[in-house]
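So the structure is just underneath, and the comments pick up after that.
Each value in this text was obtained by applying a stated rule to the coordinates, not by laboratory testing. Since we're looking at a predicted model, the values are computed, not measured. Every residue, glycine as well, gets a Cβ built from its backbone with ideal geometry; the counts of neighbours run over all protein chains shown.
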Amino acid sequence: MSSFTSAAAPGAAQPHAAIRVFELHGPGSVRVGHRLVPPDGALMRVETTGVCGTDHHIWAGRIDVPVPLLLGHEVIGRLERLPDDHGLVADAPLSEGDRVLIAPGVPCGACAGCDGGGRCLDRPCYGLTMTGDGLTGGFSPYMTLLPGTRVFGVPEELPAERGVFAEPMACVLSALRKAFGAQYVPPGHDGLVLGFGVIGLCSATAIAAAGGTATVVEYDPARRELAASLGFEALASVEEAATAGARDGGFPLVVDAAGTPAAFASALDLLAWSGTLVELGNFADLGEVAIKPSDICLRDLRIVGSGETFYEDFPPAIALVGGTAVDLGRAITDVHRFDALGDPSDLFTVRAAGKAMVSFA
Ligand SMILES: [Zn+2]
Ligand SMILES: [Zn+2]
């Protein structure tokens, strides 16, 4: 019999209580651990944490992270404890009980970027790079919120099944901002999306929100079926996409979210003259691919990468996942109850057809 306080028990958030969490101890090794609720500072009660493609890369050892690591960076929850000197950064005053989403990255306060009042060049990220034995990831019933953390209000009426897409949507909107500015996608701009994981889904949703037609290429039949059922044109191969795009001389926008170097080369081929390739598929070092630089030069192509997510893109992302006509909740294909997950490896050994999330409610 365990002496540890269960996640759901009243008083679990008491200072020094030990709570059950999922810790990564190395590639392929994620286990139940226990960490202590800190006695002071802001504390969030976690409602929902999304399982992200980056989590899968980390679990598989394709991204180096410090271990042990408390995973989980797509987190919605409620402010459980909010001392006067909480140090959180928000657009509106915060109160205990507020439903919020956190930006994973927290400015370090010490780099040249922070010094200059600009963007931090070295942001520690909840669930990705934060070290130590604190409650620094979302696969835990509670999280410590460090001073400087950006928190964004989440409407009470926004279902968690949609809200969990807000963080990846913010990543996509930041990429589109880098390509096209604050409009994200020019009105009526059609786009091709390679890969229909969560980043592909969010990209297609953003294109549709701007009034364009989003066409998706996805090899996996279940994911392709999901794309079609959500209202997107769904193709099975880049060859089909080349045929479809040939009518207009190629696609003005291609978002690579496929997760292979080969898709990057295909994306270049599929662009129309002066088209824009937004690269969101190679979030880990997945290898090399041959391209001809003359294709970029002679056809006026633009390539936009995006590693950083801007804080200003979170509120529009929350609004978009709540307001889009795309039925995002149907893309949640796996809901894991945190308390019922005996072996957290189950989160990573099964490839969900859509998105997986962990629910604490
Ligand atoms: Zn993520
Ligand atoms: Zn910094």
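If you take the square roots of the eigenvalues of the alpha-carbon gyration tensor of segment 167-305 and sort them as a ≥ b ≥ c, do you get rounded (a/c under 1.5), prolate (a/b over b/c) or oblate? Since a/c stays below 1.5, the shape of segment 167-305 is classed as rounded. Above 35 Å, the calculated P(r) of the chain contains 23 percent of its Cα-Cα pairs.
The dipole here belongs to segment 167-305: it is taken about the Cα centre, uses +1 on the Cβ of Lys and Arg and -1 on the Cβ of Asp and Glu, and is about 360 debye.
Summarising the amide proton neighbourhood of Gly305: residues at separation of 5 or more, or on other chains, whose placed amide H is nearer than 5 Å comprise Glu279. Pairs of Cα atoms nearer than 8 Å and 6+ residues apart set the relative contact order; for segment 167-305 it is 21 percent. Across the chain, Cα pairs under 8 Å and at least six residues apart give a relative contact order of 17 percent.
Entry note, the chain: the mean residue ellipticity at 222 nm calculated from DSSP H runs of n ≥ 4, each adding -39500 (n - 2.57), is -7000 deg cm²/dmol after division by the residues and rounding to the nearest 500. Taking Cβ atoms as reference points and 11 Å as the exclusive limit, the residues near Leu280 contribute a net charge of -1, counting Lys and Arg as +1 and Asp and Glu as -1. Using every pair of separate Cα atoms, the Kirkwood estimate puts the hydrodynamic radius of segment 74-198 at 16.5 angstrom. Compared with the dominant principal axis of the Cα atoms in the chain, helix 261-270 is inclined by about 40°. Reducing segment 259-316 and segment 110-188 to their Cα centroids gives an inter-centroid distance of 22 Å. Computed from backbone phi with θ = phi - 60° and the Karplus coefficients 6.51, -1.76 and 1.60, the 3J(HN,Hα) list for segment 230-237 is 8, x, 9, 5, 10, 10, 9, 7 Hz; x is used for glycine and proline. Backbone phi angles across segment 109-126, fed through the Karplus curve with coefficients 6.51, -1.76 and 1.60 (θ = phi - 60°), yield HN-Hα couplings of x, 10, 8, 4, x, 5, 4, x, x, x, 8, 5, 8, 8, 7, x, 10, 3 Hz in residue order; Gly and Pro are listed as x. Its relative contact order, with pairs defined as Cα atoms under 8 Å and 6+ residues apart, puts segment 273-361 at 26 percent. Using θ = phi - 60° in the Karplus curve 6.51 cos²θ - 1.76 cosθ + 1.60, the 3J(HN,Hα) couplings for segment 79-86 round to 5, 8, 9, 9, x, 4, 9, 4 Hz; x is entered for Gly and Pro. Exposure proxy ranking for Cys297, Cys125, based on other Cβ atoms within 10 angstrom of each Cβ and starting from the fewest, stands as Cys297, Cys125. Taking Cβ atoms as reference points and 12 Å as the exclusive limit, the residues near Asp133 contribute a net charge of 0, counting Lys and Arg as +1 and Asp and Glu as -1.
Net charge of the neighbourhood of Phe232, taken over other residues with C-beta under 13 Å away and scored Lys/Arg +1, Asp/Glu -1, is -2.
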